[in-house]
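S.K.: Got a structure for you, questions after.
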Amino acid sequence: MINLNYRDSRPIYEQIKDGIRKLVMTGAFSPHERLPSVRELASSLAINPNTIQRAYKELEAEGYIYTTAGKGSFVSDISEVDAGRRERQLKKFEEAAVELMFLGMGAGELKSRIDRLAKDSEGGRAQHDTNFD
Amino acid sequence: MIEVKNLVKRFGGFTALDNLSFNVEKGSVYGLVGPNGAGKSTVIRHLTGIYRQDSGEVLIDSQTVYENPGIKQRLAYIPDEIFFFLQATTRDMMHFYKGIYPRFDAKLYEKLGKVFEFDDKRPMRQLSKGMQKQSAFRLAVCMRPDILILDEPVDGLDPVMRRQVWSIIMNDVSDRGTTVLVSSHNLRELEDVCDHVGIMHNGRLLLQRSLSELQDNIAKVQLVLPEGNTLPEDFGAIHQSTSGRVLTLIMRGSNEYISEKVAALNPVFFDLVPLTLEEIFIYELGGVDYEVREILL
């Protein structure tokens, strides 16, 4: 479910956060589903429970999960975390754009890429709609 | 939970522990690391009441450990070199431990047979080193200890067993709040299981921190400066090296602080990566002149 990669430069708690976030985002965990307890995860991944606690706490602060005292941690309704996600994805996008420009790609080229992507996804959506009709 | 205060131990003219102090809180997993001969096993032998100190205090739950059966009942220890009675089997040792440790859980012992699969009626001296470690571990867990002291615990265990053993310990820590002190050279593994580390060198403690503090307060930066620019003299990196145009810096401070500081140099490119425990170990000990020497043979 969550894979820890020891060659990854991210600290373990980040990897756990990313792993759970991904499971929430992709819908592998549905809203209000109970997450594995700290103890379950600590013993299945063989890592310190405090590390998992830290990952859960931060995910909670980011809005991906919520905790009910005595019952455990649960997956939040995704719509509520959209804003935060948008910001993070934008940052990633910016990083990728900067790197591409560094590799010699012009801003114009990037823009036309985005235009094409937008057109494709609109087209895709239109097609999707017709399929439904 | 565990308090070591100004501990001094001399063997003849050799000072093995030199005014050593550290604390381990309840429910914490404390990793004791250090070069060979730093004194890790010597500290552990004080914590388990085997050695008597020349001066200083060794306390568990505010009580002296030495010759204190009340504390020792709550403490399980797996030494670096396992010792069992000559002809004994694992099961014989179980009966022996059951008689000594009031909390010994015989039901758990049977249950753990599922994990430690080899025949526990085989004499221990016929078992391989790794299997003896497994037996020692099985018995230690069944003591239901409040404090678990492990000296190179997974040395000699295969990868599956290592993970299995850590999984059982982590389960115990989150379930019962067991305090664990572990000495090891496998920093990669300690990084997963510990929340605190102490780095020892020459009988002293160089540094004691929580792992998250360590990781949040030091980082490695790789950057390329614009052509013709050089790094300001007083930039504050604790270590730096250059390879071509790429500068590698080790810097103290939070990630945000370091990012801002580096971004202000207008680098062509920069990347921030957290340090692994192994790197921290090497940099900290490099500071006291313990490092890999270049030698041609």
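S.K.: From the backbone phi of the stretch B:98-109, what are the Karplus-calculated ³J(HN,Hα) couplings (6.51 cos²θ - 1.76 cosθ + 1.60, θ = phi - 60°) in whole Hz, Gly and Pro given as x?
M.R.: The phi angles translate into 4, x, 9, 9, x, 8, 4, 9, 5, 5, 5, 4 Hz.
S.K.: Something else now. So which residue, out of B:Ala237, B:Ala76, B:Ala38, gets the largest mean-square fluctuation from a GNM of chain B using Cα contacts under 10 Å as springs?
M.R.: For chain B, modelled as a Gaussian network with Cα springs under 10 Å, the answer is B:Ala237.
S.K.: A further question follows. What are the ³J(HN,Hα) couplings of the stretch B:198-207, residue after residue, when phi is run through the Karplus curve with 6.51, -1.76, 1.60 and θ = phi - 60°? Round to Hz, x for glycine and proline.
M.R.: Running phi through 6.51 cos²θ - 1.76 cosθ + 1.60 with θ = phi - 60° gives x, 9, 9, 8, 6, x, 10, 9, 7, 6 Hz.
S.K.: Taking Cα atoms of the stretch B:217-286, Rg/Rh with Kirkwood Rh, to two decimals? Don't skip to the answer; put the middle values down first.
M.R.: Details: Rg = 11.7 Å, Rh = 12.4 Å.
Reported Rg/Rh, Kirkwood definition of Rh: 0.95.
S.K.: Let me ask something additional. With +1 on the Cβ of every Lys and Arg and -1 on the Cβ of every Asp and Glu, and nothing else charged, how large is the dipole of the stretch B:118-191 about its Cα centre, in debye rounded to the nearest 20? Working shown, then result.
M.R.: Working: 11 positive and 11 negative charges, 66 e Å.
In total the dipole reaches around 320 debye.
S.K.: What length, rounded to one decimal in nm, is gained on full extension from A:Ile114 through to A:Glu14, with 0.36 nm per residue of separation minus their alpha-carbon distance?
M.R.: Computed gain between A:Ile114 and A:Glu14 is 33.0 nm.
S.K.: Here's another thing I want to ask about it. With a bin width of 5 angstrom, please list the P(r) values of chain B as percents of all Cα-Cα pairs, from the 0 bin to the one holding the largest distance.
M.R.: That works out to 1, 5, 11, 13, 15, 13, 12, 9, 7, 5, 4, 3, 1, 1, 0, 0, in percent per bin.
S.K.: Further question: If R₀ is 60 angstrom, what is the calculated FRET efficiency for the pair B:Asn202 and A:Glu99, using the beta carbon separation as r and rounding to 0.05?
M.R.: With a Förster radius of 60 Å, E is 0.85.
S.K.: Based on the Cβ-Cβ distance from B:Asp234 to B:Arg10, what FRET efficiency comes out when R0 is 45 Å, to the nearest 0.05?
M.R.: 0.55
S.K.: Can you give the extra length, in nm with one decimal, that the chain gains between B:Asp18 and B:Leu296 once fully stretched, where that is 0.36 nm per residue apart less the Cα-Cα distance?
M.R.: Length difference between fully extended and current span is 96.6 nm.
S.K.: Out of residues 5 or more away from B:His201 or on other chains, whose amide H comes under 5 Å of its own, with H placed 1.01 Å from N in the peptide plane?
M.R.: B:Leu206
S.K.: Other chains near B:161-168: what is the mean number of their Cβ atoms within 10 Å of each residue's Cβ?
M.R.: 2
S.K.: Just from the alpha-carbon atoms, what are the Rg and Dmax of the protein assembly as shown in angstroms?
M.R.: 26.4, 92
S.K.: Using amide H atoms built 1.01 Å from N in the peptide plane, name the residues 5+ places from B:Tyr77, or on other chains, whose amide H lies under 5 Å from its own.
M.R.: Distant-sequence amide H within range of B:Tyr77: B:Ile149.
S.K.: Quick one: Cα convex hull volume of the stretch B:245-297, Å³ per residue? Don't skip to the answer; put the middle values down first.
M.R.: Working: hull volume 6.4 nm³, N = 53.
Convex hull of Cα atoms, per residue: 120 Å³.
S.K.: I want to check the label-to-label distance for A:Glu87 and B:Glu25. Put each point 7 Å from Cα in the C-beta direction and report it in nm to one decimal.
M.R.: About 2.9 nm, to one decimal.
S.K.: Roughly how many Å is it from the Cα centre of the stretch A:1-56 to that of the stretch B:101-151, as a whole number?
M.R.: First find each Cα centre; the distance between them is then 30 Å.
S.K.: Restricting to the stretch B:2-210, what percent of DSSP beta bridges are antiparallel, rounded to 5?
M.R.: Counting only bridges with both partners in the stretch B:2-210, antiparallel ones make up about 55 percent.
No lab work stands behind these numbers, since they all come straight from the coordinates. Just so we're clear, the structure is a prediction, and the values are computed from it rather than from any experiment. We place every Cβ from the backbone using ideal geometry, glycine too, and count neighbours over all the protein chains shown.
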